[in-house]
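The values are calculated or read from the model by the stated rules, or taken from the named source; none is laboratory data. Because the structure is predicted, anything quoted here is derived from the model rather than measured. Note that each Cβ is placed from the backbone with ideal geometry, even for glycine, and that neighbours are counted across all protein chains shown. Surface accessibility is based on the protein's heavy atoms, side chains included, excluding ligands, DNA and RNA. Shrake-Rupley method; radii C 1.70, N 1.55, O 1.52, S 1.80 Å.
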Amino acid sequence: MKLILKYFKPFIFMAAVSIALLFCQNISELYLPRLMSSMIDTGIIRGGIDETAPRAMSDDAMNFITQFMTEENAEYFRGVYLKTDERAQVPKEAADSFPLLGAEKSGWALRDAKNIPERAAAVFSDAAYDASILVYQWYFKTGDIAKELDITKLTIEELIAADLTSYEPPPMPEDMPGGMPQVPAAQKFSVGTSFDRVFYAELGASAHSVQQASILSIGASMLGITLLVIGVTVLNGFLSSRISTGIGRNLRHDLFKKVQTFSPSEFDSFSTASLITRTTSDVQSVQQVAMMSLRMILSAPIMGVGGIIMALRLNLGMSWIVALSVVLLLLVQVIFFSRIIPKFTIMQKLRDKLNLVARENLTGMLVIRAFGNEAREEERFEQANNDIRKTNRYVQIMMTIQQPIIQFLLGCTTITVMYFSVRAIDGGRLDVGQMMAFTQYVMQIIQSFMMISMMFIFVPQALVSAKRIQEVMSADTKITDQPPEKIKTLGKRADGTITFNNVSFKYQDAEAHVLEGISFTAKAGEMTAFIGSTGSGKSTLINLIPRFYDVTEGQITLDGVDIRELSIHELRENLGYVPQKGILFSGDIASNLSYGKEDGTEEEFREALRVAQAEDFVFSGKEGLETEIAQAGDNVSGGQKQRLSIARALVKKPPVYIFDDSFSALDFKTDAALRRALREYTGKATTLVVAQRISTIMHANQIIVLDAGKIVGIGTHEQLLSTCEPYREIAESQLSIEELG
């Protein structure tokens with residue numbers, strides 16, 4: 001997790017903006033069900049009126065409603081309103097929603113149009129409810145009981161003419177313990193809005209206009225919020241994509257840069273297949289979670305907690321349904337992910353193995369075919385493929401089982417909410433719009449937990465990947481520069497004198513030394529050659545000079561300065577290295593030669609190719625230096641690959657040349673011609689040559705014979721023939737008596 005947070009830092013501002021947008025998006029989405037509830041309850045059911053007491057009414061309306069209040073409440077209620085003798089007008093705040101069309105008579109208007117006192121609202125609701133009971137009594141006695149009574153269709157004149165106070169409310173059942181149940185405030189509020197509509201209609205307000213204005217107002221708010229959510233979602237998606245891809249880019253860059261500093265000993269700790277997986281699949285996993293964190297992972301708790309708060313504000317009586325659903329969802333997720341998470345670590349290791357087998361098959365295809373082992377390799381690949389298939393199938397099955405269970409819980413929760421909501425609506429404790437809003441909030445809560453379940457899938461996998469990336473990033477690089485204050489510099493182009501002072505070396509965790517007590521000096525302008533039996537340590541010795549490995553004991557100096565005290569860059573700038581295996585890169589011949597000298601000219605390239613005996617085959621075609629080179633140089637022969645590798649080192653013109661058995665693929669004629677041209681070209685440079693053939697090195701100024709990691713002979717060809725038995729044996733096995741002289 002520290003690794004992920006570290007790579008978030010460069011994008012902290014964009015991440016902060018994205019999180020702010022995420023809050024805006026979720027809060028807006030949480031507000032939509034409330035607007036939907038208002039649309040249904042206020043705009044449709046209550047005809048657009050969302051007030052407990054009217055903002056304005058006529059004298060008749062005031063006299064009608066106050067007769068159902070106590071004298072104290074009636075006096076207080078009238079005090080809330082202002083008597084207008086000339087004309088009853090709805091105050092400006094109310095007029096926007098309830099346009100007054102006429103009614104030139106005296107009336108009453110709220111003193112504070114922006115605020116209806118809580119007591120006044122309660123007094124009006126109680127009076128309206130008591131009046132509604134008597135209206136039903138009157139209707140059952142005088143009206144058409146076959147038709148359902150709608151109070152909003154009555155007029156104030158009809159209500160006054162009904163003389164409701166002459167009717168008695170229905171008697172309370174004698175067997176009801178505790179008396180009549182308390183009437184829900186929501187039911188009284190609904191009845192109050194019915195009388196509001198009657199009173200407004202008397203003032204000349206059109207019921208249709210009132211309802212239409214309310215619906216359009218709420219609808220415009222919903223549309224505006226929806227457009228805001230769309231815009232914020234698109235912008236947040238853009239920012240999260242920029243951040244995640246930037247994190248992926250930086251991770252891959254730093255991984256590649258780190259691997260570039262690895263010495264061969266570090267490569268022994270991480271296989272090539274594993275490094276490829278870590279640079280691709282693991283980085284992709286971290287990048288995916290970085291994007292999801294700014295879209296889903298942070299959104300889920302905001303939506304879940306916000307949904308719970310909004311649902312509880314709507315109806316505390318059904319909060320137990322939300323709590324039960326959340327507990328069951330958490331229980332399901334804990335059970336499933338406790339079984340899934342351990343598989344992610346296994347999955348990445350199996351990917352490493354699959355990459356390894358596939359890479360070995362591709363690189364060793366010719367050997368596999370030559371030995372007729374295609375079936376064996378197919379079986380090997382099938383085994384690795386089946387291992388990852390079984391693990392992946394287990395994870396997918398568990399995830400597949402989990403989704404229907406969550407959907408089942410979602411369905412059960414919805415049914416439970418509907419059941420108890422219908423009972424609450426029937427009892428007047430809940431409105432239809434509130435029920436639908438509550439259902440929406442419950443859906444949002446469960447969906448947020450479904451997003452959390454997805455988080456539990458991807459985050460543990462990303463943490464495993466981050467740990468694997470961290471292993472590479474935190475790997476100790478054994479070949480490093482000294483602290484800046486201790487670094488020495490040659491201050492000029494090196495003369496090229498290489499000295500080994502009692503050098504010993506052993507590989508990491510090895511018990512025995514590969515090289516022991518090596519001491520010699522390779523002078524500038526001379527060729528120093530190394531020869532010995534297979535495994536005698538020739539290539540290991542050569543690899544110590546560019547600091548591919550560091551000596552275990554002793555010291556190697558360049559112009560008298562310990563190479564460990566020089567910066568690696570300066571040391572290698574003075575070396576021209578040709579490895580034992582010719583390595584070419586995809587591109588063309590010119591791009592490969594420019595590895596030796598980035599700003600090399602065509603004349604320099606031609607000269608290097610001439611010395612390396614590669615000019616003929618390079619310029620035999622029309623493309624010349626632009627001749628395409630396939631990956632790893634697979635479209636050229638082994639000898640051509642070696643000669644191009646030699647030319648690449650020659651273009652650099654360093655003071656020290658290192659040829660690690662770089663002439664083994666050349667025929668004798670080409671070998672001899674190359675050595676003649678090389679002596680003239682290298683001039684005063686130090687030339688170090690590892691060879692298996694005596695003919696390649698017999699004219700060297702100094703030949704060092706190695707056996708079992710120790711020097712057993714140093715001298716010229718003629719001197720070693722007479723003084724070094726191992727050298728004479730190698731020479732006699734390769735050359736005739738006449739050639740030996």
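Just to be sure before I move on: is PHE64 among the aromatic types (Phe, Trp, Tyr), more than 27 Å from GLY231 (Cα to Cα), assigned to a helix (DSSP H, G or I) and in contact (Cβ under 8 Å) with a residue 12 or more places away in the chain in the structure I sent?
Working: among the aromatic types (Phe, Trp, Tyr): yes; more than 27 Å from GLY231 (Cα to Cα): yes; assigned to a helix (DSSP H, G or I): yes; in contact (Cβ under 8 Å) with a residue 12 or more places away in the chain: yes.
Yes: the conditions hold for PHE64.
Just to be sure before I move on: is THR280 open to solvent by 30 Å² or more (accessible area, probe 1.4 Å), modelled with pLDDT of 85 or more and of a type outside the set (Gly, Ala, Ser) in the structure I sent? If you could, list the steps in order and put the result at the bottom.
Numbers: open to solvent by 30 Å² or more (accessible area, probe 1.4 Å): yes; modelled with pLDDT of 85 or more: yes; of a type outside the set (Gly, Ala, Ser): yes.
Judged against the criteria, THR280 is a match.
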- request: Kindly indicate the residue of region 340-364 that is surrounded by 17 or more Cβ atoms within 10 Å (Cβ to Cβ) and of a type in the set (S, T, N, Q) and also modelled with the highest pLDDT among those meeting that condition.
  value: ASN355
- request: Go through region 182-206 and give me each residue that's at pLDDT 75 or above and β-branched (Val, Ile, Thr).
  value: VAL191, THR193, VAL198
Count of region 546-561 residues which are within 20 Å of GLY491 (Cβ to Cβ) and either hydrophobic (A, V, I, L, M, F, W, C) or without any contact (Cβ under 8 Å) to a residue 40 or more places away in the chain (or both): 3
query: Does SER586 satisfy the criteria of being among the hydroxyl-bearing types (Ser, Thr, Tyr), open to solvent by 40 Å² or more (accessible area, probe 1.4 Å) and more than 24 Å from ALA708 (Cβ to Cβ)?
result: yes
message: Out of the residues in region 544-556 meeting the condition of being touching an Asp or Glu at 6+ places or on another chain (Cβ under 8 Å) and under 18 Å from LEU706 (Cα atoms), tell me which one is surrounded by the fewest Cβ atoms within 10 Å (Cβ to Cβ).
response: ILE556
- request: Specify the residue that is modelled with the highest pLDDT; the eligible residues are those in region 500-518 that are exposed (fewer than 13 other Cβ atoms within 10 Å of the Cβ) and within 21 Å of VAL705 (Cβ to Cβ).
  value: ASN502
message: Suppose we filter region 36-52 for residues that are buried (at least 22 other Cβ atoms within 10 Å of the Cβ) and more than 22 Å from GLY192 (Cβ to Cβ); how many remain?
response: 0
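Among what's in region 4-20 and is open to solvent by 30 Å² or more (accessible area, probe 1.4 Å) and touching a residue at least 40 places away in the same chain (Cβ under 8 Å), pick the residue that is farthest from ARG295 (Cα to Cα).
At the first step, the residues of region 4-20 found to be open to solvent by 30 Å² or more (accessible area, probe 1.4 Å) are 5-6, 8-10, 12-14, 16-17, 19-20.
Right, trim to touching a residue at least 40 places away in the same chain (Cβ under 8 Å) and you get 8, 10, 14, 17, 19.
Details: PHE8: 15, PRO10: 19, MET14: 13, VAL17: 13, ILE19: 9 Å.
So the residue we want is PRO10.
Out of the residues in region 620-642 meeting the condition of being assigned to a loop (DSSP other than H, G, I, E, B) and open to solvent by less than 60 Å² (accessible area, probe 1.4 Å), tell me which one is farthest from PHE659 (Cα to Cα). Even if it seems obvious, please write down each step before you answer.
Of the residues in region 620-642, the ones assigned to a loop (DSSP other than H, G, I, E, B) are 620-623, 627, 630, 634-637.
Adding the requirement that they be open to solvent by less than 60 Å² (accessible area, probe 1.4 Å) leaves 621, 627, 630, 636-637.
Details: GLY621: 28, THR627: 25, ALA630: 24, VAL636: 20, SER637: 19 Å.
It comes out as GLY621.
So that you can scan it fast, the table gives a plain yes or no per residue for (1) assigned to a helix (DSSP H, G or I); (2) in contact with a Phe, Trp or Tyr (Cβ under 7 Å, 6 or more places away or on another chain):
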residue: GLN434; (1), (2): yes, no
residue: PHE438; (1), (2): yes, no
residue: PHE449; (1), (2): yes, no
residue: MET454; (1), (2): yes, no
residue: ILE457; (1), (2): yes, no
residue: SER465; (1), (2): yes, no
residue: VAL472; (1), (2): yes, yes
residue: ASP476; (1), (2): no, no
statement: The one condition VAL690 fails out of (1) closer than 24 Å to GLY525 by Cβ; (2) surrounded by fewer than 16 Cβ atoms within 10 Å (Cβ to Cβ) is (2)
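Do we have any residue at all in region 108-130 that's in a loop (DSSP other than H, G, I, E, B) and at pLDDT 80 or above?
Yes, region 108-130 has at least one match.
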message: Residues that are surrounded by 14 or more Cβ atoms within 10 Å (Cβ to Cβ) and in contact (Cβ under 8 Å) with a residue 60 or more places away in the chain: does region 385-399 have at least one?
response: yes
message: Need pairs with beta-carbon distance below 6 Å; first residue closer than 18 Å to SER637 by Cβ and in contact (Cβ under 8 Å) with a residue 24 or more places away in the chain and within region 568-589, second in a strand (DSSP E or B) and not β-branched (Val, Ile, Thr); sequence gap 6+ or separate chains.
response: VAL578/PHE659; PRO579/ASP660; GLN580/ASP660; ASP588/GLU628
- prompt: If you check VAL327, VAL322, VAL286, which single one turns out to be open to solvent by 30 Å² or more (accessible area, probe 1.4 Å), among the β-branched types (Val, Ile, Thr) and assigned to a helix (DSSP H, G or I)?
  reply: VAL327
- line: Taking region 483-493 and the residues there that are closer than 12 Å to ILE563 by Cα and open to solvent by less than 70 Å² (accessible area, probe 1.4 Å), the one that is farthest from the chain's Cα centre (by Cα) would be LEU490
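Quick one: would you say ASN543 is in contact (Cβ under 8 Å) with a residue 40 or more places away in the chain, in contact with a Gly (Cβ under 7 Å, 6 or more places away or on another chain) and among the polar types (S, T, N, Q)? Quick ask: steps written out before the conclusion?
Working: in contact (Cβ under 8 Å) with a residue 40 or more places away in the chain: yes; in contact with a Gly (Cβ under 7 Å, 6 or more places away or on another chain): no; among the polar types (S, T, N, Q): yes.
Against the criterion (in contact (Cβ under 8 Å) with a residue 40 or more places away in the chain, in contact with a Gly (Cβ under 7 Å, 6 or more places away or on another chain) and among the polar types (S, T, N, Q)), ASN543 does not qualify.
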- request: Would you mind stating whether PHE617 is within 26 Å of ARG679 (Cα to Cα), open to solvent by 10 Å² or more (accessible area, probe 1.4 Å) and not polar (S, T, N, Q)?
  value: yes
field: Among (1) under 18 Å from GLY600 (Cβ atoms); (2) in contact with a strand residue (DSSP E or B) (Cβ under 7 Å, 6 or more places away or on another chain); (3) open to solvent by 30 Å² or more (accessible area, probe 1.4 Å), the one test that ALA685 misses
entry: (3)
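When you look at LEU312, is it open to solvent by 70 Å² or more (accessible area, probe 1.4 Å) and either under 23 Å from GLY411 (Cβ atoms) or part of a helix (DSSP H, G or I) (or both), yes or no? Give the derivation first.
Working: open to solvent by 70 Å² or more (accessible area, probe 1.4 Å): no; either under 23 Å from GLY411 (Cβ atoms) or part of a helix (DSSP H, G or I) (or both): yes.
No; evaluated as a whole, the condition is false for this residue.
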- line: Exactly one of MET450, MET435 is farther than 18 Å from PRO301 by Cβ, touching a helix residue (DSSP H, G or I) at 6+ places or on another chain (Cβ under 8 Å) and surrounded by 15 or more Cβ atoms within 10 Å (Cβ to Cβ), and that residue is MET435
message: Return the residues of region 477-504 that are of a type outside the set (Val, Ile, Thr) and in contact (Cβ under 8 Å) with a residue 60 or more places away in the chain; say none if nothing qualifies.
response: LYS478, ASP481, GLN482, LYS486, LYS488, LEU490, ARG493, ALA494, ASP495, GLY496
message: Step by step: first the residues of region 122-153, then only those that are of a type in the set (A, V, I, L, M) and surrounded by fewer than 19 Cβ atoms within 10 Å (Cβ to Cβ), then the one that is nearest to SER194 (Cα to Cα). Which residue is that?
response: ILE151
query: Would region 260-271 turn up any residue that is at pLDDT 80 or above and in a helix (DSSP H, G or I)?
result: yes
- request: Say whether the condition of being more than 20 Å from THR272 (Cα to Cα) and not in a helix (DSSP H, G or I) is met by at least one residue in region 377-399.
  value: no
task: Quick one: which residue in SER591, SER539 is open to solvent by 10 Å² or more (accessible area, probe 1.4 Å), touching a strand residue (DSSP E or B) at 6+ places or on another chain (Cβ under 7 Å) and outside any strand (DSSP E or B)?
output: SER539
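Here is a list: SER194, SER221, SER240. Which entry is of a type in the set (S, T, N, Q), under 27 Å from SER58 (Cβ atoms) and in a helix (DSSP H, G or I)?
Numbers: SER221 fails: under 27 Å from SER58 (Cβ atoms); SER240 fails: under 27 Å from SER58 (Cβ atoms).
Step by step, each of SER194, SER221, SER240 is checked, and only SER194 is of a type in the set (S, T, N, Q), under 27 Å from SER58 (Cβ atoms) and in a helix (DSSP H, G or I).
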